[in-house]
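A.B. asks: One structure, pasted below without further comment.
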Amino acid sequence: MLLFAFGTGVATVAIGSPDGAWVAIGHGICGMAVLLLIPWKSRVVRGGLRRARLTRWLSLLLAVLALVTLIAGLGYATGLVRSIAGKPGVWVHIAVALALVPLVVWHVWARRIRPRRTDLSRRALLRAGVLTAGAAGLYAAAETVISGLGLPGAKRRFTGSYEMASFRPEAMPTTSWLLDAVPAVDPDRWRLAVKDGQGRRELTLAELTSFDATVQATLDCTSGWYSHQDWTGVPLDTLLHSEPGTQSVYVHSITGYWIRFPIHDLDRLLLATQVGGAPLSAGHGFPVRLVAPGRRGYWWVKWVDRVELQTTPSWWQPPFPVG
Ligand SMILES: Nc1nc2c(c(=O)[nH]1)N[C@H]1C(S)=C(S)[C@@H](COP(=O)(O)O)O[C@H]1N2
Ligand SMILES: [Mo]
């Protein structure tokens with residue numbers, strides 16, 4: 001069950017459009033299944049603790065972290081606990097879950113149980129089915145309670161995020177994926193390098209600000225908030241011209257952060273110089289940041305200095321940015 005919870009959790013971080021909503025729902029159901037299994041697991045734990053092995057402390061640490069993950073997840077989903085120790089609850093949920101991974105691997109190996117033929121029996125299958133149905137029922141009941149009591153969790157987006165500072169860019173949070181710091185950019189010396197099949201050229205900020213296409217798009221950060229804003233700038237397909245064989249759009253930041261989009265995203269991408277009718281602040285990506293409607297926040301590269309069309313397939317990159 002932890003494996004399913006982990007897989008759906010990672011997938012939930014990646015969803016950006018409503019057709020991925022079932023992934024987040026599946027993740028919630030996995031959480032409920034873990035909750036339902038606690039009484040059975042407690043019996044195993046009590047038995048294990050009677051054997052005074054030194055490694056029981058490691059097992060107990062695992063149990064504590066698993067509970068913290070569960071509580072942080074439920075707290076954030078209901079809206080009852082939105083932040084823990086100054087961090088967004090969902091951030092704590094993810095960070096502690098990642099810390100759990102090596103412990104779970106160790107636990108599975110150190111406390112391994114020999115597979116038995118009856119593990120795949122009809123009875124076991126039936127039990128798994130009852131557990132899944134119970135977890136789905138509990139999830140539905142929780143959703144009903146959350147909306148019935150009008151808990152904050154009822155107002156979340158399909159990604160699980162809460163609304164923040166829509167159409168008030170000055171109040172919108174600034175975040176980074178990992179450790180990127182806001183770079184100091186001299187707008188007079190800054191250039192955007194553009195490369196496609198027709199060659200390479202450089203654009204100044206003045207050249208870019210002469211464009212004024214505006215789109216309304218939702219920035220949805222995986223740390224649990226989203227914000228609708230009006231973004232103004234250059235549609236990327238007016239700068240880059242796709243040719244047969246082009247597979248991806250590579251977007252690079254001054255900080256070294258980069259991401260590669262599939263070519264069919266080209267006509268949705270905007271290089272924004274403004275938000276809410278005013279130039280971007282340093283924190284939000286001055287002088288230029290990418291707007292990628294329908295994609296999660298980590299695709300919205302800030303402080304862009306290079307855009308390229310490439311024949312490299314878009315899947316040729318780490319599953320999440322690495323810096
Ligand atoms: N260069 C760079 N761009 C970045 C990031 C980063 O760390 N470095 N973080 C991304 C993430 S995770 C999010 S949610 C958005 C946040 O945008 P904001 O700070 O304008 O709210 O920027 C994205 N663009
Ligand atoms: Mo983010």
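A.B. asks: Looking for whichever is under 15 Å from the mean Cα position of the chain (by Cα) and open to solvent by less than 40 Å² (accessible area, probe 1.4 Å) here; the options are Gly31, Gly9, Gly75, Gly47. Which one fits?
C.D. replies: Values: Gly31 fails: under 15 Å from the mean Cα position of the chain (by Cα); Gly75 fails: under 15 Å from the mean Cα position of the chain (by Cα); Gly47 fails: under 15 Å from the mean Cα position of the chain (by Cα).
The match here is Gly9.
A.B. asks: Could you grab me the full set of residues in segment 245-277 that are within 19 Å of Pro319 (Cβ to Cβ), out of contact with any Ser or Thr (no Cβ under 9 Å at 6 or more places or on another chain) and without any contact (Cβ under 8 Å) to a residue 60 or more places away in the chain?
C.D. replies: Val251, His252
A.B. asks: Yes or no: Gly26 within 19 Å of the chain's Cα centre (by Cα), touching a residue at least 40 places away in the same chain (Cβ under 8 Å), within 25 Å of Ser223 (Cβ to Cβ) and open to solvent by less than 70 Å² (accessible area, probe 1.4 Å)?
C.D. replies: Against the criterion (within 19 Å of the chain's Cα centre (by Cα), touching a residue at least 40 places away in the same chain (Cβ under 8 Å), within 25 Å of Ser223 (Cβ to Cβ) and open to solvent by less than 70 Å² (accessible area, probe 1.4 Å)), Gly26 does not qualify.
A.B. asks: Right, something else. Can you name the residue in segment 95-111 that is surrounded by 13 or more Cβ atoms within 10 Å (Cβ to Cβ) and β-branched (Val, Ile, Thr) and is also farthest from Ile84 (Cα to Cα) among such residues?
C.D. replies: So, considering only residues that are surrounded by 13 or more Cβ atoms within 10 Å (Cβ to Cβ) and β-branched (Val, Ile, Thr), the one farthest from Ile84 (Cα to Cα) is Val104.
A.B. asks: Just to check your reading of the model, which residue among Tyr139, Tyr162 is within 16 Å of ligand 2 (Cβ to nearest atom) and either more than 30 Å from Gln310 (Cβ to Cβ) or of a type in the set (Phe, Trp, Tyr) (or both)?
C.D. replies: Working: Tyr139 fails: within 16 Å of ligand 2 (Cβ to nearest atom).
Result of the check over Tyr139, Tyr162: Tyr162.
A.B. asks: While we're on this one: Output the residues belonging to segment 13-22 that are closer than 19 Å to Thr218 by Cβ, assigned to a helix (DSSP H, G or I) and either open to solvent by 20 Å² or more (accessible area, probe 1.4 Å) or in contact with a strand residue (DSSP E or B) (Cβ under 9 Å, 6 or more places away or on another chain) (or both). Break it down stepwise before answering.
C.D. replies: Kept after step one, since they are closer than 19 Å to Thr218 by Cβ, are these residues of segment 13-22: 13-21.
In the following step, the residues that additionally are assigned to a helix (DSSP H, G or I) were identified as 13-14, 18-21.
Within segment 13-22, Val13, Ala14, Pro18, Asp19, Ala21 qualify.
A.B. asks: Checking Ala171 against (1) surrounded by 13 or more Cβ atoms within 10 Å (Cβ to Cβ); (2) within 14 Å of ligand 1 (Cβ to nearest atom), which single condition isn't satisfied?
C.D. replies: Against the list (1) surrounded by 13 or more Cβ atoms within 10 Å (Cβ to Cβ); (2) within 14 Å of ligand 1 (Cβ to nearest atom), Ala171 comes up short only on (1).
A.B. asks: Given the conditions (1) among the small types (Gly, Ala, Ser); (2) loosely packed, with under 14 Cβ neighbours inside 10 Å; (3) touching a strand residue (DSSP E or B) at 6+ places or on another chain (Cβ under 9 Å), which single one is not true for Ser42?
C.D. replies: Ser42 satisfies all of (1) among the small types (Gly, Ala, Ser); (2) loosely packed, with under 14 Cβ neighbours inside 10 Å; (3) touching a strand residue (DSSP E or B) at 6+ places or on another chain (Cβ under 9 Å) except (3).
A.B. asks: Consider segment 140-160. How many of its residues are in contact with a helix residue (DSSP H, G or I) (Cβ under 8 Å, 6 or more places away or on another chain) and either under 30 Å from Thr255 (Cα atoms) or part of a loop (DSSP other than H, G, I, E, B) (or both)?
C.D. replies: Here is the first cut: in segment 140-160, the ones in contact with a helix residue (DSSP H, G or I) (Cβ under 8 Å, 6 or more places away or on another chain) are 142, 146-147, 151-154, 156, 158-160.
Next cut, either under 30 Å from Thr255 (Cα atoms) or part of a loop (DSSP other than H, G, I, E, B) (or both) only: 151, 156, 158-160.
Total satisfying the criteria: 5.
A.B. asks: For the list (1) open to solvent by 50 Å² or more (accessible area, probe 1.4 Å); (2) modelled with pLDDT of 95 or more; (3) closer than 25 Å to Tyr226 by Cβ, I need the number of the one condition that Asp180 fails.
C.D. replies: The one condition Asp180 does not meet is (1).
A.B. asks: Same structure again: Can you tell me which of (1) without any contact (Cβ under 8 Å) to a residue 24 or more places away in the chain; (2) part of a loop (DSSP other than H, G, I, E, B) is the one Thr174 doesn't meet?
C.D. replies: (1)
A.B. asks: Any idea how many residues of segment 183-224 are in a loop (DSSP other than H, G, I, E, B) and open to solvent by 80 Å² or more (accessible area, probe 1.4 Å)?
C.D. replies: In the first step, residues of segment 183-224 are kept if they are in a loop (DSSP other than H, G, I, E, B); the result is 183-191, 197-198, 204, 210-212, 222-224.
From what's left, open to solvent by 80 Å² or more (accessible area, probe 1.4 Å): 184, 188-189, 191, 198, 210, 212.
Here the count works out to 7.
A.B. asks: Have a look at Ser227, Ser281 and point out the one that is more than 28 Å from Trp316 (Cβ to Cβ), surrounded by fewer than 20 Cβ atoms within 10 Å (Cβ to Cβ) and near ligand 1 (Cβ under 9 Å from one of its atoms).
C.D. replies: Exactly one residue qualifies, and that residue is Ser281.
A.B. asks: Hey, among Thr255, Thr246, which residue is within 12 Å of ligand 1 (Cβ to nearest atom), part of a loop (DSSP other than H, G, I, E, B) and crowded, with 17+ Cβ neighbours inside 10 Å? Explain how you work it out, then say what you get.
C.D. replies: Numbers: Thr246 fails: within 12 Å of ligand 1 (Cβ to nearest atom).
Answer to the selection: Thr255.
The values are calculated or read from the model by the stated rules, or taken from the named source; none is laboratory data. Being a predicted model, the structure only gives us computed values, none of them experimental. Every residue, glycine as well, gets a Cβ built from its backbone with ideal geometry; the counts of neighbours run over all protein chains shown. Areas reflect the complete protein model, heavy atoms only, side chains present, ligands, DNA and RNA absent. Shrake-Rupley method; radii C 1.70, N 1.55, O 1.52, S 1.80 Å.
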